[in-house]
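Below is one structure; the comments refer to it alone.
The values are calculated or read from the model by the stated rules, or taken from the named source; none is laboratory data. Everything numeric in this text was worked out from a predicted model, so none of it was measured. Cβ placement follows ideal geometry from the backbone for every residue including glycine, while neighbour counts extend to all protein chains displayed.
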Amino acid sequence: MQEVAEMMGLVWSAVIAVAVIVVLLTVISGLRRITTELKLMREALQITIKPVQPEEEKATARPQSEVPAEPETPQQTVQTAPVPPPPPPPEQPPQPEVIVVGEISDLKDLLRTFNLKSVLLFDSAGHVIDHEGEDDPERLAALLAEAFSVIMMANDRAKSFAVFDGGVEGVVKVATVDEREVYAHFRTGRPVGAEELRRITEQIRVVLARMLEVR
C-alpha cells in the first residue's frame, strides 16, 4: 500500500510538472506572437506614416512664388452733410430807362424827351433865364443861387449837387455868360443813372446855346 501511495504521488507530481511546462510554453509562444505582431505593426507604421510638420513650421513655410495678400481695410462710410439750396439771386434795382434823344430845341422838348417834371435855368444872382413846369421859379432861383454860392465857398470845384428821393432833384452849372454862372435845376419822378444825368446836362447846354443865339 505504501508503494502504491508513493507511485500515486510520483504520478501527480509528474502531471503537475507537465501541466506547468505546458502553461509556460503556451505563455512563451503567446509572448513571441505578440512581439512579432508589434514588430510588424511598427514596420508598417514607419512605411505608411510620413512625418508631420509642426504647426509653427506650417505657419512660417510659404512657397517663394506666393504673393502675400494685402490686408483688407475696413470700408469707412463717409456721411456727407446735405448741400443747402443755393440762395435766391438778389433783387436787381430797377434799371433806368434808355432815352433816345431826338431833336431838342427848347425846354418843352427836354421835358418830353427825358420825362422830367420841371426845368429851371437861372444865374448866380438868382435871376430866372427860362423855366418849364416850375410853379414859383423866381423864389426857387433865388434860394438855389444862394445855396450854390455857399457850396462853392466850401468847395470851389463843385459843379453840381443832387438829392435822391424816389426820383432825382439836381442842380448843375451849365455855362458862364457875361461873367455870370448859369445853372440848371431839374426834377425827375423816376430813378435815373449817371449816364442819363450826363445826357440831360448836355441837352440843357444845347438848349441854352440856342437861346443865346436867338438873343
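For GLY126, the criteria (1) of a type in the set (Gly, Ala, Ser); (2) out of contact with any Lys or Arg (no Cβ under 9 Å at 6 or more places or on another chain); (3) at pLDDT below 70 hold in every case but one, which is (3).
Within region 191-209, residues that are under 17 Å from ILE129 (Cβ atoms) sit with their Cβ atoms under 9 Å from residues that are polar (S, T, N, Q) and assigned to a loop (DSSP other than H, G, I, E, B), at 6+ positions apart or across chains, in these pairs: VAL206/SER105; VAL207/SER105.
Of the listed requirements (1) more than 47 Å from the chain's Cα centre (by Cα); (2) free of Cβ contacts under 8 Å to residues at least 24 places away in the same chain, VAL163 misses just one: (1). Of the strands (runs of 3 or more DSSP E) lying entirely inside region 152-215, those containing at least 3 residues that are among the aliphatic types (A, V, I, L, M) are 168-177.
Among residues that are of a type in the set (A, V, I, L, M), at pLDDT 75 or above and under 30 Å from ILE200 (Cβ atoms), ILE99 is not included.
Here's the yes/no breakdown for (1) over 22 Å from THR188 (Cβ atoms); (2) under 55 Å from the mean Cα position of the chain (by Cα):
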site: LEU120; (1), (2): no, no
site: ALA125; (1), (2): yes, no
site: GLU134; (1), (2): no, no
site: ALA145; (1), (2): no, no
site: PHE148; (1), (2): no, yes
site: MET152; (1), (2): yes, yes
site: ASN155; (1), (2): yes, yes
